[in-house]
1. Can you find a residue that is among the charged types (D, E, K, R), under 11 Å from residue 110 (Cβ atoms), open to solvent by 30 Å² or more (accessible area, probe 1.4 Å) and at pLDDT 60 or above anywhere in the range 145-153?
2. I'm trying to understand the selection: among the residues of the range 99-143, which are of a type in the set (A, V, I, L, M) and either at pLDDT 85 or above or assigned to a strand (DSSP E or B) (or both)?
3. Considering only residues that are under 17 Å from residue 16 (Cβ atoms), open to solvent by 60 Å² or more (accessible area, probe 1.4 Å) and modelled with pLDDT under 80, which ones fall in the range 45-86?
4. If you take the residues of the range 154-166 that are surrounded by 17 or more Cβ atoms within 10 Å (Cβ to Cβ) and not in a loop (DSSP other than H, G, I, E, B), which of them is modelled with the highest pLDDT?
5. Would you check if there is a residue in the range 5-20 being more than 13 Å from the chain's Cα centre (by Cα), modelled with pLDDT of 75 or more, assigned to a strand (DSSP E or B) and surrounded by fewer than 15 Cβ atoms within 10 Å (Cβ to Cβ)?
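The values are calculated or read from the model by the stated rules, or taken from the named source; none is laboratory data. None of the values given here were measured: they were computed from a predicted structure. FYI the Cβ positions are ideal-geometry reconstructions off the backbone, even for glycines, and counts take in every protein chain you see. SASA here: full protein model, heavy atoms, side chains in, ligands and nucleic acids out. Shrake-Rupley method; radii C 1.70, N 1.55, O 1.52, S 1.80 Å.
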Amino acid sequence: QLLNATTGIVRVVRDGSGVVIDADLRLILTSYTLVNPYLGDGSASFSSIAIGINRAAGEEPSLTFEAELVAADPLRDIAVLRAVRLFRGGSIGADDFTLPAATLGAPDDLERGDAVRILGHPGEASEGSQAVAATTASVSGFGGHELTGGRAWIRTDARMPYGIAGGPAFDANG
């Protein structure tokens, strides 16, 4: 969800998911498609990023934080956000960002054809949305660079339902 800082009006531009990868630094890994800061003409598409959190099963997310884009790779559709303040202003206190960080797995442990489950929240645009949506997929390939051991990105054959983009993927070992 994106917030227009000038008018204070929240408008849902893109719904999706993300996963906390460093709780101390408040870093969230997501899909670049969800936070692409530019329109087709090169102009800014939003003034800030609002993050909604659902803390209990079956609960709809409530806007909790505003974030900044700290790293992005549009070609690989990956982005890292940092929660920088509470929604609609205010400093993030020690007790405000209590989300656990996921433990990232080793991509070398995966093989082509391995099954994975991808999780996410379908967002407001989904009729009768649920707390979590899931889809299954198979690993179809890997991408990366020699500096990352050649396996920094894992491709799947998933058909992504609305809202799952940016969510975590898990294999049978978690």
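1. No, the range 145-153 has no match at all.
2. Within the range 99-143, 99, 101, 102, 115, 116, 118, 119, 133, 134, 137, 139 qualify.
3. 60, 76
4. Ranking the qualifying residues of the range 154-166, first place goes to 156.
5. No - not one qualifying residue is present in the range 5-20.
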